[in-house]
Amino acid sequence: MKRFRKFGVSLYLNNNAMTTQTVKLNPTERLSSVQRKKITIQSLLNWNSCHDTKYEYNKGEIIKKDAIKQTELHILRNLNKQFRLTDAYQNGGMLVAEVNCVLSAQIMRIPDIAFFTEQQINDAAKGTQVIPTFVVEIISKTDNVVNTENKKNEYFAAGVLVVWHIFPDAKCVYCYTSPETVSIVSNEKICSAEAAIKGLSLSTQALFAI
């Protein structure tokens, strides 16, 4: 059993479970030492389900996942407005924020926004791990470029059809339909997720509208 101490919490990890206990820590401690620890994907899923701070898992390493900021909520609202006009929505599909997605036996990511069909939602309720066909990452100045690129490639390797990288500061969107195929759009140009969700497209200006 391994014990990790971070941010006022000790994590006790074994192959199947994680428990927590409050402890007194040195305020200078940082996440980097935890990131180097090897844990199981199930332990991290258990941890994420019980805490506000979320972590992703990549081949034994854990990576802190920043939540969608309140200043970015209008992006989710505007995307949902367009999504509600699609057949995918009428058929019970959902755009969901920050859901654990197990992409392989060694990789678990938490996209900022992901699309799931009604069948996938029902399968997930029965314990099946499902892969979204459309994911969105809202990119901030603090995001690691290498990690962002790795995530994009992992999504496509797992079966995702469309990946958007949204840059709020620059008000532009990188729309990927494969790891190497991208349309960079801004202003009145159209962001399209048609390859994954028929009818889901809108101008960049509409996506960022307040």
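Any read-out appearing in this document is the output of simple, stated calculations on the displayed coordinates, not a laboratory observation. As the structure is a computational prediction, the values presented were derived from the model and not from experiment. Using ideal geometry, Cβ is built from the backbone for each residue, glycine included, and neighbour counts are taken over all protein chains shown.
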Quiz prompt | Unsatisfied cross-links (Cα-Cα over 28 Å) in the set LYS64/LYS189; LYS54/LYS126; LYS65/LYS126; LYS69/LYS189; LYS126/LYS151 | solution = LYS64/LYS189
Quiz item: Evaluated at 25 °C with a viscosity of 0.890 mPa s, what Stokes-Einstein diffusion coefficient in µm²/s does the range 70-207 have when Rh comes from the Kirkwood expression over alpha-carbon pairs?
Solution: 162 µm²/s
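Quick one: length gained pulling ASP87 to ASP123 fully straight, 0.36 nm per residue minus the C-alpha distance?
Extending this stretch completely gives an extra 11.0 nm.
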Quiz item: Say each of GLU149 and GLU98 gets a label point 7 Å from the Cα, pointing the same way as Cα to Cβ; how far apart are those two points in nm?
Solution: 2.8 nm
Quiz item: So what's the gap between the Cα centers of the range 135-161 and the range 96-132, to the nearest angstrom?
Solution: 15 Å
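Where Lys and Arg each count +1 and Asp and Glu each count -1, what net charge lies around ALA209 among other residues with Cβ under 10 Å from its Cβ?
+2
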Quiz item: Could you give me the ³J(HN,Hα) list for the range 119-124, computed from phi with Karplus coefficients 6.51, -1.76, 1.60 and θ = phi - 60°, whole Hz, x at Gly and Pro?
Solution: 4, 5, 4, 5, 5, 4
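Can you give the FRET efficiency to the nearest 0.05 for ILE210 and SER140, using r as the Cβ-Cβ distance and R₀ = 22 Å?
The value I calculate is 0.75.
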Exercise. Kindly work out what percent of the DSSP beta bridges joining two residues of the range 70-207 are antiparallel, to the nearest 5.
Key: 80 percent
Self-check item: Phi to ³J(HN,Hα) by Karplus 6.51 cos²θ - 1.76 cosθ + 1.60 over the range 156-170, Hz, x for Gly, Pro
Solution: 5, 4, 7, x, 5, 9, 9, 10, 10, 10, 9, 10, x, 5, 8
